[in-house]
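Quick notes on the structure that follows.
The values are calculated or read from the model by the stated rules, or taken from the named source; none is laboratory data. Keep in mind it's a predicted model, so treat the numbers as computed, not measured. With ideal geometry, Cβ positions are generated from the backbone for all residues, glycine too; neighbour counts draw on all protein chains shown.
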Amino acid sequence: MRIITLEKGLATFPNWLHGKNRSAATIRAYRTDIQQFISFLHANNVSILAPNDVEKVDVVEYLSALAKRELTGIARARKMSALREYFRFLEGIGVISKSPTTGIETPKREKNGRQVLRSDEYTKMLSLAGANPRDYAILQIFLQTGIRVSEMAHLKIEDIDFIKPSIIVRGKGKQEREIALEKKGVHALKSYLAVRGVCLSNRVFLNCQWEPISERGIRKLVVKYRKEAGITKKASCHTLRHTFATHKAEKGVSAFQLQQWLGHANLNTTQIYVHLGKQNARKIMQDTTL
């Protein structure tokens, strides 16, 4: 059996994830999660140096410590997923004989529902961004296509087809999907590209230095307009994705079509929007009863 340190294992872990077509965002998150776990082990048990030294009780204590820090069930579940993947990797290359995560249940995720913006809320955000073609286009594309923030940041000029019209999106696992563009999205993109001008980068959205805008930059942009619009709920880029999906579900779009647009690998992930859409439709019916 090979003997390596926890840090040495972490150094090669991202390559394994990359080979499994995990997204860059997932790889970064998992790497951070494992580094935090290793730091916890070193701070609480100096005898642990190698992966083979880690026992089930160490993982349980780590999850308990996270709970005491009031991390949400969603956050703890993601960290548990990272740990499972890490030790599965070590088991696969012969560093350990059995994963210490075996038999440990994944923390339950809270059922708080998905945050969705009302039409007056996102309309106010769009109105405030109207004077900035780039910001307006980003908000419109979120609302008209439901793509992820990572997909927005990596959208390229050649991914846009104004004839169909549609965009090609490269999602998780490097899977490509085509999403039809509605008139508002087409108009917003054309208006932005008209003032964007020629640039060396083929990325659609640029920052003030004429470099590709980062995911962080897009997130800050959405938060800015959310605050300016006086929206107190914690609306994010993902909230705009939820808003798109819920609105489509309310209009009767099937789960299969939503799955294709959203790029979900599992249909069960998409079904929540159909269920939520039916709930909202019932509420609308009740609120508008004659």
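When you go through (1) surrounded by 14 or more Cβ atoms within 10 Å (Cβ to Cβ); (2) of a type outside the set (K, R); (3) farther than 24 Å from A131 by Cβ one by one for V204, which number turns out not to apply?
With (1) surrounded by 14 or more Cβ atoms within 10 Å (Cβ to Cβ); (2) of a type outside the set (K, R); (3) farther than 24 Å from A131 by Cβ applied to V204, the lone miss is (3).
Find the residue count for the stretch 221-257, including only residues that are among the aliphatic types (A, V, I, L, M), more than 19 Å from A129 (Cβ to Cβ) and modelled with pLDDT of 85 or more.
Residues in the stretch 221-257 being among the aliphatic types (A, V, I, L, M), more than 19 Å from A129 (Cβ to Cβ) and modelled with pLDDT of 85 or more: 1 in total.
Among the residues that make up the stretch 132-140, is at least one of them surrounded by fewer than 17 Cβ atoms within 10 Å (Cβ to Cβ), more than 15 Å from S236 (Cβ to Cβ), among the charged types (D, E, K, R) and under 22 Å from the mean Cα position of the chain (by Cα)?
Looking through the stretch 132-140, none of the residues is surrounded by fewer than 17 Cβ atoms within 10 Å (Cβ to Cβ), more than 15 Å from S236 (Cβ to Cβ), among the charged types (D, E, K, R) and under 22 Å from the mean Cα position of the chain (by Cα).
Small (G, A, S) and touching an Asp or Glu at 6+ places or on another chain (Cβ under 7 Å): does that describe G73?
Spelling it out, G73 is indeed small (G, A, S) and touching an Asp or Glu at 6+ places or on another chain (Cβ under 7 Å).
Being modelled with pLDDT under 90 and acidic (D, E), is that true of even one residue in the stretch 75-98?
No.
Based on what the data block shows, is L10 in a helix (DSSP H, G or I) and either touching a residue at least 12 places away in the same chain (Cβ under 8 Å) or more than 14 Å from S81 (Cα to Cα) (or both)?
yes
Quick check on my filter: what residues within the stretch 117-163 are of a type in the set (A, V, I, L, M) and either at positive phi or not in a helix (DSSP H, G or I) (or both)?
Passing the criteria: L117, A131, I147, L155, I160, I163.
Select from the stretch 24-53 the residues that are of a type in the set (D, E) and free of Cβ contacts under 8 Å to residues at least 12 places away in the same chain and list them in ascending order.
Selection gives D53 alone.
Considering each residue of the stretch 117-148, count those that are of a type in the set (A, V, I, L, M, F, W, C) and under 19 Å from N202 (Cβ atoms), and give that number.
Residues flagged as of a type in the set (A, V, I, L, M, F, W, C) and under 19 Å from N202 (Cβ atoms) within the stretch 117-148 amount to 4.
Here are the criteria: (1) in a helix (DSSP H, G or I); (2) more than 17 Å from L90 (Cβ to Cβ); (3) in contact (Cβ under 8 Å) with a residue 12 or more places away in the chain. Tell me which single one K79 does not satisfy.
Of everything listed in (1) in a helix (DSSP H, G or I); (2) more than 17 Å from L90 (Cβ to Cβ); (3) in contact (Cβ under 8 Å) with a residue 12 or more places away in the chain, K79 misses just condition (2).
Please go through the stretch 1-57 and give me each residue that is among the hydroxyl-bearing types (S, T, Y) and over 18 Å from I96 (Cβ atoms), ordered by number.
Residues satisfying the conditions are S23, T26, T32, S39.
All but one of (1) in contact with a Phe, Trp or Tyr (Cβ under 9 Å, 6 or more places away or on another chain); (2) part of a helix (DSSP H, G or I); (3) modelled with pLDDT under 90; (4) not hydroxyl-bearing (S, T, Y) hold for R114; which doesn't?
The single condition R114 does not satisfy is (2).
On the basis of being under 24 Å from E158 (Cβ atoms), touching a strand residue (DSSP E or B) at 6+ places or on another chain (Cβ under 7 Å) and modelled with pLDDT under 95, does N207 make the cut?
For N207, the condition - under 24 Å from E158 (Cβ atoms), touching a strand residue (DSSP E or B) at 6+ places or on another chain (Cβ under 7 Å) and modelled with pLDDT under 95 - is not met.
Which one is surrounded by the fewest Cβ atoms within 10 Å (Cβ to Cβ), of the residues in the stretch 214-262 that are out of contact with any strand residue (DSSP E or B) (no Cβ under 8 Å at 6 or more places or on another chain) and among the aromatic types (F, W, Y)?
Among those residues, the one meeting the criterion is F256.
Provide a single number: the residues in the stretch 13-23 that are surrounded by 14 or more Cβ atoms within 10 Å (Cβ to Cβ) and either without any contact (Cβ under 8 Å) to a residue 24 or more places away in the chain or assigned to a helix (DSSP H, G or I) (or both).
Residues in the stretch 13-23 being surrounded by 14 or more Cβ atoms within 10 Å (Cβ to Cβ) and either without any contact (Cβ under 8 Å) to a residue 24 or more places away in the chain or assigned to a helix (DSSP H, G or I) (or both): 4 in total.
From the list D120, D33, pick out the single residue that is surrounded by 13 or more Cβ atoms within 10 Å (Cβ to Cβ) and either at pLDDT 90 or above or under 28 Å from K220 (Cα atoms) (or both).
D33
When you scan the stretch 86-104, how many residues do you find that are assigned to a helix (DSSP H, G or I) and buried (at least 21 other Cβ atoms within 10 Å of the Cβ)?
Final tally of qualifying residues: 4.
Could you tell me which residue of the stretch 52-66 is modelled with the lowest pLDDT, considering only residues that are within 14 Å of S39 (Cβ to Cβ), under 26 Å from the mean Cα position of the chain (by Cα) and surrounded by 15 or more Cβ atoms within 10 Å (Cβ to Cβ)?
L66
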